[in-house]
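Participant: The structure's right below; bear with me while I get my questions together.
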Amino acid sequence: MSISPELALAAAAAIGDKALQEQTKELLELRRQLAESRKVEITGSGGRPVYARGQFEDGEYRDRDEGGSSTTATTSSLIPLFYTSRSWWDVQLTICEENDHISLINLQHLEIRLGGIVYATTSKDEVNGNDVIISEDNNHRPPESSRNVKIPIQSGGGCRNATLTLDISDMPEPPWKMLKSAISYNQNENNLDELIDVFDIMSSSRQLPQRLPHQVADIVSISFDTNSVWTMLLCLMERRKPT
């Protein structure tokens, strides 16, 4: 029968065993640090507020993104290489009740934190707005459909790649159609100089945030490029091996 560190600490305190108390406190601290190292958070600048949380170890492996029938790109050849040339580790996130929505104007001020450390941000320097894609789950209509927007992020000179998925299901139809048209244009345009920065349309103060000041987005998930987090994945796989 195993005894929890908390119970061991209480027992050590009751019998006055200081050595056991110190050892148990160290064990509890190590356990806390281990849990922190696997924590995934989406926050505002400087780590506050925290919009969504998840656990890295609860993620699932996904081979190269083929798009799927629900995306606006009907064939995988239209999906940007950012998605199709990589394998991904998908982590579902839970919205924090105290900060349950993100306004569009704050989309460019998010931090993706892994183990408490900033892994990447949604600043314009790190988001490739030309490669934003969207999908909608029409099985939920009516009265509400799922409209997911995937934000491609390349941080550290492309060493830390991620995809942040947002749900903006309550966006009015006209601006949603505008986003779809812009993405469709990018997927069929070969001249890179003519591509539209869709993320700028979504988050710049002179674009949709000005037209839709009360529009919000919900964070659904974060996908990490497996090459970027390979060391963590190896450690996780070692833990899952049967003893």
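The values are calculated or read from the model by the stated rules, or taken from the named source; none is laboratory data. Source: prediction; values computed, not measured. We place every Cβ from the backbone using ideal geometry, glycine too, and count neighbours over all the protein chains shown. Surface accessibility is based on the protein's heavy atoms, side chains included, excluding ligands, DNA and RNA. Shrake-Rupley method; radii C 1.70, N 1.55, O 1.52, S 1.80 Å.
Residues are listed down the side, and each one gets a yes or a no for (1) touching a helix residue (DSSP H, G or I) at 6+ places or on another chain (Cβ under 6 Å); (2) open to solvent by 50 Å² or more (accessible area, probe 1.4 Å); (3) at pLDDT 85 or above:
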| residue | (1), (2), (3) |
| --- | --- |
| E173 | no, yes, yes |
| Y185 | no, yes, yes |
| L195 | yes, no, yes |
| A217 | no, no, yes |
| K241 | no, yes, no |
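Participant: Can you tell me which residue among R62, R48, R86, R53 is under 13 Å from the mean Cα position of the chain (by Cα), at negative phi and modelled with pLDDT of 85 or more?
Facilitator: R53
Participant: Name the single residue, out of those in the range 118-129 being out of contact with any Pro (no Cβ under 8 Å at 6 or more places or on another chain) and among the polar types (S, T, N, Q), that is least open to solvent (accessible area, probe 1.4 Å).
Facilitator: T122
Participant: Which condition number in (1) surrounded by fewer than 18 Cβ atoms within 10 Å (Cβ to Cβ); (2) within 30 Å of Y61 (Cβ to Cβ); (3) polar (S, T, N, Q) is the one that Q210 fails?
Facilitator: Evaluating Q210 over (1) surrounded by fewer than 18 Cβ atoms within 10 Å (Cβ to Cβ); (2) within 30 Å of Y61 (Cβ to Cβ); (3) polar (S, T, N, Q) leaves (2) as the failure.
Participant: So how many residues does the range 181-199 have that are outside any helix (DSSP H, G or I) and either without any contact (Cβ under 8 Å) to a residue 40 or more places away in the chain or more than 24 Å from T122 (Cβ to Cβ) (or both)?
Facilitator: Total meeting the criteria: 3.
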